[in-house]
Amino acid sequence: MTTSEYDRYRPPEEPRRRRRRDHAAAADSPSEASAYAVGTAVAPSAGSAMGPDALATAPSGSAPAAGRRVGARRGGLAPAGGDGAREMAMVPEPQFAPADGYYGRPVVKAPPWDERVALYLVCGGIAGGSALLAFGGQLTGRDALRCNARLTALGAAGVGALALVADLGRPERFLNMLRTIKPTSPMSLGSWILAGFSTGAGVAAAADVDRLLGQALPLGPLRRVLYGLEAPSGALAALLGAPLAGYTAVLLSDTAMPTWNAAKDDLPFVFVSSASLASGGMAMITTPTAQAGPARALALAGVAGDLVATKAMERRMDPVAAEPLHQGRPGWLMRWSERLAIAGGIGTVVSGLTRNRWVAAASGAALVTASAFTRFGVFYAGKDSALDPRYTIEPQKRRLAARRRAGIMHDSITTAG
Amino acid sequence: MQRLTAPDSAAVGDNPTADAHYAHPRARKGFFTDTSICIGCKACEVACKEWNRNPVDSNYELSNSSFDNSEGLGADTWRHVAFIEQDRSRIEAARESGRALVSLGMPQIRNADVPTTAGEAITTAITGAAPGPLSAAAVPPASGLPPAPELGDLDVLSSLGGGPTRPEDARAVDTTPPDTPEFRWLMSSDVCKHCTNAGCLDVCPTGALFRTEHGTVVVQDDVCNGCGTCVAGCPFGVIERRKDGIAQPKTERSAAPVTPTRPGTPEPARNVGVAQKCTLCYDRLVDDQTPACAQACPTTSIKFGEREDLVDAARERVARLHAEGRTEARLYGANPQDGVGGTGSVFLLLDEPEVYGLPPDPRVPTADLPRMYARAGIAMASMAAASALAFMLGGRK
Ligand code: SF4
Ligand code: SF4
Ligand code: SF4
């Protein structure tokens, strides 16, 4: 690390990678400059901006090209001046700002769940609501509604369960989910809900399939058993329908992911509303308008609930933890989910008045898509919130400070002794 | 310090083994990681990797942000040494935040008078401080080495600092803080906290995660199905599902233990697709051995033992640092009333926890679970009621 005339023949500095843009912005403001300069041989952006000549000619110790260094006292180790730039590349540039934690790396880890889990969230909602519609159809003698909704419930539950199993790290061990019943684990309770629901929906749907095929299934004496179990199975699926549609909200909220956790009070309402409008929409697609009256009513209730609950959720969440819901991919999904829900709701009213099958199907499709967007949006927002440490650190610091202001001192993890 | 004999005094204080109903519970084991004497050698990281045969976690890429290239805890890195470079203003801010903690009246083991005095004195020292040496602690005082403190550890730094060796003596000596150094390196060996109320354990649906008789939290590799719920449930971002990186369907990989390979060929990764984290060397504990990382640590920065003793030692250590004027010292995880009920791994930090990548106010998510279930129950009931209403008001057939 000496200054020599050969310094000028050094190759130009490669631009150094910086992790975060706001770092650069902060470091470029002269007022904060001195805080960033100690121990840095060549100031970050100057390293890329200056050619070798600038490095060689810069007066030792003041380096006007790197104005931030003026006034900063040098540490004992780093030599002053523009010398030794190449050697100093071995010493990574220090990044001081604690606002982004440890080099901007996540504090909490996002779960290894991909789109298959988001798909399961959608399917669980459709399945749960459809079981309720099927049970209502069963009780009120709406045969087409009952049959279609049962098939939808079974199909959605099946697709969802397969997606969930496929997302496991060890899919062949999926039955371990039923090793215990563990109330502290929403995933455990959810597995039991899903298992019970699928059983009920499966038996009920099997009876309807058999009827559809003109009793062509080779059931023999079991047919009487099947038809005997049909009603209670439909009731079981209906009983577990709302839990299936809503428990996933607890599953997401019972995590350290900032956005999901901050939404814990209102996310169940968002999810059951979204399930209602999606299952109503599905029934509007599959079922003639004459029998789809309850489906339309449920869909409308779902739309109203969805709009209100989503707004309430976003308002009551910690504003920083709510940010991921508004930006990027989840922001787009949430915005379009709202628009589609409104459009689907209007279409539902129109189809109820005109009894137009095409309007009904289009509105149903809009509603199903709206529900899918809501759940994918919430899913992505939670995963995004884990990636930026800001979403973990800022709300936690704020609530800690609020407790301290209120005189609550006993529950801090950091103690003076 | 490392009392390894099985004590008969079962489940004491906040020992979470009491909940697990062991017939013969042992004293709760844990770590006290004193980051003020860590030299960042990463011996713990290496020892952990070797002992647990954890795979490499990257293609030896440089992180480009500091001397720390293993970046963080994960499925393949169960000990991680953080490395932070700070300038004078950050050190002053850390001293100030530590001093604020003291004067806030945070829980303490003894009277707050000594650190407070030191904390008040610091303001004058900061304003009038001359450019300090590389590190204040590196200035050898005229006095020789005082006798080793009760900890039984070779505590070089604090001895050199010339401060009192016992907190009780602190009042008698000069508590003027040392000059603020121009910059400093913070090094801290992070590890699973083995929480009293462990988020990972609470949310695991298979029961793969369990509480051992030592009060630690361990994954059963042969039970876990890799659902990943625990990853999201941990407020410290510790546990992670081991990635495959092999172009072969996960189901075709055998769950059998590693088959011996020819020397020179790399071992295939074990427990792929399964959640992985520090076991507090459960396999060594059952043999009354010290965990590999603690044994490898050359500075005794990682102290292993019974948690109760460790917390006492940690409190003494932080009190001594305060008495030397180093108010930036603080404990992390020693408080049984915090959001996770206290941690099995206690840390002495020299700055705010988030500087080290630790959450400033972690809270185990299951603490709010009853409320979440209640809210969800209302939501589900509303949905059922809405569909009943839909059939009543949904028009004629
Ligand atoms: S730190 Fe995380 S992984 Fe370790 S015991 Fe606590 S919750 Fe579990
Ligand atoms: S990934 Fe394994 S240890 Fe983690 S919650 Fe799922 S089953 Fe339990
Ligand atoms: S206790 Fe064992 S498993 Fe845990 S970090 Fe230390 S060496 Fe690794």
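The values are calculated or read from the model by the stated rules, or taken from the named source; none is laboratory data. On a predicted model such as this, the values are computed, not experimentally measured, just so you know. With ideal geometry, Cβ positions are generated from the backbone for all residues, glycine too; neighbour counts draw on all protein chains shown.
Against the definition (among the aliphatic types (A, V, I, L, M), at pLDDT 95 or above and not in a helix (DSSP H, G or I)), how does A:Ala256 come out, yes or no? So A:Ala256 fits the description; yes. Exactly one residue out of A:Arg146, A:Arg150, A:Arg173 is under 23 Å from A:Arg375 (Cα atoms), basic (Lys, Arg) and in a helix (DSSP H, G or I), and it is A:Arg150.
Just one of (1) more than 10 Å from chain B (Cβ to nearest Cβ); (2) more than 30 Å from B:Val231 (Cβ to Cβ); (3) buried (at least 24 other Cβ atoms within 10 Å of the Cβ); (4) aliphatic (A, V, I, L, M) fails for A:Ala295. It is (1).
Quick one: would you say A:Ala292 is over 26 Å from the mean Cα position of the chain (by Cα), over 14 Å from A:Ala341 (Cβ atoms) and not charged (D, E, K, R)?
Working: over 26 Å from the mean Cα position of the chain (by Cα): yes; over 14 Å from A:Ala341 (Cβ atoms): yes; not charged (D, E, K, R): yes.
The answer is yes for A:Ala292.
Only one of B:Ala379, B:Ala384, B:Ala374 is more than 7 Å from chain A (Cβ to nearest Cβ) and over 30 Å from B:Glu85 (Cβ atoms); which?
Working: B:Ala379 fails: more than 7 Å from chain A (Cβ to nearest Cβ); B:Ala384 fails: more than 7 Å from chain A (Cβ to nearest Cβ).
Sole residue among the options that is more than 7 Å from chain A (Cβ to nearest Cβ) and over 30 Å from B:Glu85 (Cβ atoms): B:Ala374.
Listed conditions (1) at pLDDT 95 or above; (2) assigned by TED's automatic domain parsing to the domain that holds B:Ala27; (3) closer than 17 Å to B:Gly199 by Cβ are all met by B:Asp338, apart from (1).
Would you say B:Leu73 is among the aliphatic types (A, V, I, L, M), touching a Gly at 6+ places or on another chain (Cβ under 9 Å) and not in a helix (DSSP H, G or I)? Let's see the steps before the verdict.
Working: among the aliphatic types (A, V, I, L, M): yes; touching a Gly at 6+ places or on another chain (Cβ under 9 Å): yes; not in a helix (DSSP H, G or I): yes.
Considered against the rule, which asks whether it is among the aliphatic types (A, V, I, L, M), touching a Gly at 6+ places or on another chain (Cβ under 9 Å) and not in a helix (DSSP H, G or I), B:Leu73 comes out as yes.
Taking B:Gly344 as the residue in question, decide whether it is touching a residue at least 40 places away in the same chain (Cβ under 8 Å) and touching a His at 6+ places or on another chain (Cβ under 9 Å). The answer is yes for B:Gly344. Taking segment B:149-241 as the region of interest, the helices (runs of 4 or more DSSP H) fully inside it that hold 3 or more residues being at pLDDT 80 or above and away from ligand 3 (no atom under 16 Å from the Cβ) are B:199-203, B:229-233.
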